[in-house]
1. Given the criteria in contact with a strand residue (DSSP E or B) (Cβ under 6 Å, 6 or more places away or on another chain) and crowded, with 24+ Cβ neighbours inside 10 Å, does residue 128 qualify?
2. Give me the pairs, please: first residue somewhere in region 283-296 and at positive phi and in contact (Cβ under 8 Å) with a residue 24 or more places away in the chain, second residue anywhere and surrounded by 14 or more Cβ atoms within 10 Å (Cβ to Cβ) and not in a loop (DSSP other than H, G, I, E, B), beta-carbon distance under 9 Å, and either six or more positions apart or on two chains.
3. In a loop (DSSP other than H, G, I, E, B), touching a residue at least 24 places away in the same chain (Cβ under 8 Å), more than 19 Å from the chain's Cα centre (by Cα) and under 21 Å from residue 214 (Cα atoms): does that describe residue 52?
4. Condition test on residue 240, is it surrounded by fewer than 20 Cβ atoms within 10 Å (Cβ to Cβ) and either within 28 Å of residue 27 (Cα to Cα) or within 16 Å of the chain's Cα centre (by Cα) (or both)?
5. Tell me, please, whether a residue that is closer than 21 Å to residue 170 by Cβ and at pLDDT 90 or above can be found in region 266-275.
6. Out of all the residues in region 58-94, which are buried (at least 17 other Cβ atoms within 10 Å of the Cβ) and closer than 26 Å to residue 310 by Cβ?
7. Looking for something without any contact (Cβ under 8 Å) to a residue 24 or more places away in the chain, surrounded by fewer than 15 Cβ atoms within 10 Å (Cβ to Cβ) and farther than 26 Å from residue 140 by Cβ - is there at least one such residue anywhere in region 259-267?
8. Would you point out which residue out of 151, 174, 185 is in contact with a helix residue (DSSP H, G or I) (Cβ under 6 Å, 6 or more places away or on another chain), within 26 Å of residue 273 (Cβ to Cβ) and buried (at least 20 other Cβ atoms within 10 Å of the Cβ)?
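The values are calculated or read from the model by the stated rules, or taken from the named source; none is laboratory data. This is a predicted model, so every value here is computed, not measured. Neighbour counts are summed over all protein chains in view; Cβ atoms, including those assigned to glycine, are modelled from backbone coordinates with ideal geometry.
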């Protein structure tokens, strides 16, 4: 990243939003509280992708008080990739941070930590944050899925020291201008993270910001987990159209990594760990096809859109 060490990195934050009335205000207010020790915030861009709830209204109210916040509303939904491309066209800063609206930052230093990681290596052009799951109810399904998230999180953090495609989350990723200036996401596909990772590998490298924590609600029901499972696998297949069959090798995980994670959680939480393993064995036997994916969209999951509450 070609930014002199003695000056602050200029930053644009982009948030594509669809029906995020329960969390959009909290994420925006937390952004204004971020300590800007090593960056200068040029603007925050929120693009409402055909929201039918109060999301546009909430953002506009905040924008009246915060001139750095720019809000663009669209009547019709076009999909995340289309709106991310709009954000990219508007960005002129050294770096671009893409965030989802249904997340919570863990501290007032999360963004500065990601900036530090971006500047740690000259060839680094993409940074991902560490995501932590949140349960919004105490049901058996939620507990199994929470455990499942922790299982795979352990695996992903170990693989390649964390610098793997599995730690590139669309909900929080930081890109240098070298990367985002040449990035144009295919509008008719949903594989945003895989595509961005593939492009980053061509022009530089990805780094995992292990000490940056982002809270996010994973699916809370088996039915919604099934939808995400098959969407993710179809997205991987889409990548071969852009980067060839070698793109699939980024997803390779040695069996030993999975066994180690399962054994670790079996010792502390046997019932839900076994249930999570069974879930991953059974789900592939229950195919699901989201009809919206052909247009670069996907069916929204109601359980992931609930208000995120973090206990202090």
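1. Details: in contact with a strand residue (DSSP E or B) (Cβ under 6 Å, 6 or more places away or on another chain): yes; crowded, with 24+ Cβ neighbours inside 10 Å: yes.
Yes: the conditions hold for residue 128.
2. Sorted first by the residue in region 283-296, then by its partner, the pairs are 296/80; 296/81; 296/82.
3. Here the answer is no, as residue 52 does not meet what is asked.
4. On the way: surrounded by fewer than 20 Cβ atoms within 10 Å (Cβ to Cβ): yes; either within 28 Å of residue 27 (Cα to Cα) or within 16 Å of the chain's Cα centre (by Cα) (or both): no.
Here the answer is no, as residue 240 does not meet what is asked.
5. no
6. 58, 59, 62, 69, 71, 80
7. no
8. Within the list 151, 174, 185, the selection yields 151.
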